[in-house]
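*Asks:* Below is a structure I'd like to ask you about.
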């Protein structure tokens with residue numbers, strides 16, 4: 001690959017990385033807005049995604065301004081927490097919905113319970129998947145940056 005192709009490739013990668021970051025920030029802002037409108041802060045555990053989003057936005061600002069190893073590490077750590085929060089949120093939503101369904105009908109079979117939980121609108125079982133998606137998107141942004149730094153593309 002000659003210098004001109006490497007420069008064009010670097011420019012394309014930088015442009016894609018910026019778009020990933022813009023989509024990530026829009027996702028974070030949209031999600032935190034929805035969580036606040038839904039009053040997803042009644043219990044302390046419900047504050048986890050709100051706090052993580054605030055932390056992520058702060059880390060993104062730090063990373064965009066400095067682009068140093070410390071901000072990159074913080075970015076990875078926060079995005080890894082997003083992935084964990086997605087799985088934990090799914091579990092919490094499942095348990096909360098199952099408890100509610102069992103209060104309505106304590107004698108229901110396991111399969112019926114799972115079916116009802118999967119179809120429940122409150123709490124929405126798959127909503128925490130947004131945290132997982134945002135975390136994976138953030139990790140894609142950070143790791144594409146780290147890989148290109150090793151190759152000498154800035």
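*Asks:* Of all residues in the range 46-58 being over 13 Å from the mean Cα position of the chain (by Cα) and surrounded by 13 or more Cβ atoms within 10 Å (Cβ to Cβ), which is nearest to residue 124 (Cα to Cα)? Before you say what the answer is, go through the steps one by one.
*Replies:* Taking the range 46-58 first, the residues over 13 Å from the mean Cα position of the chain (by Cα) are 46-47, 58.
So of that shortlist, the ones also surrounded by 13 or more Cβ atoms within 10 Å (Cβ to Cβ) come out as 46-47.
Working: 46: 13, 47: 16 Å.
Selected residue: 46.
*Asks:* Select, from 46, 101, the only residue that is in contact (Cβ under 8 Å) with a residue 12 or more places away in the chain and out of contact with any strand residue (DSSP E or B) (no Cβ under 8 Å at 6 or more places or on another chain). Outline the logic, then answer.
*Replies:* Numbers: 46 fails: in contact (Cβ under 8 Å) with a residue 12 or more places away in the chain.
Only one candidate qualifies: 101.
*Asks:* Test residue 116 against the stated conditions and say whether it is out of contact with any strand residue (DSSP E or B) (no Cβ under 8 Å at 6 or more places or on another chain), free of Cβ contacts under 8 Å to residues at least 24 places away in the same chain and assigned to a helix (DSSP H, G or I). Walk me through how you get there before you give the answer.
*Replies:* Values: out of contact with any strand residue (DSSP E or B) (no Cβ under 8 Å at 6 or more places or on another chain): yes; free of Cβ contacts under 8 Å to residues at least 24 places away in the same chain: yes; assigned to a helix (DSSP H, G or I): yes.
It is true that residue 116 is out of contact with any strand residue (DSSP E or B) (no Cβ under 8 Å at 6 or more places or on another chain), free of Cβ contacts under 8 Å to residues at least 24 places away in the same chain and assigned to a helix (DSSP H, G or I).
*Asks:* I would also like to ask the following. Only one residue in 61, 76, 23 is at pLDDT 95 or above and surrounded by 15 or more Cβ atoms within 10 Å (Cβ to Cβ). Which one?
*Replies:* None of the other options fit; the residue is 76.
The values are calculated or read from the model by the stated rules, or taken from the named source; none is laboratory data. These figures come from a predicted structure and were not determined experimentally. A quick note on method: Cβ atoms are made from the backbone with ideal geometry, for glycine too, and the neighbour counts reach across all protein chains shown.
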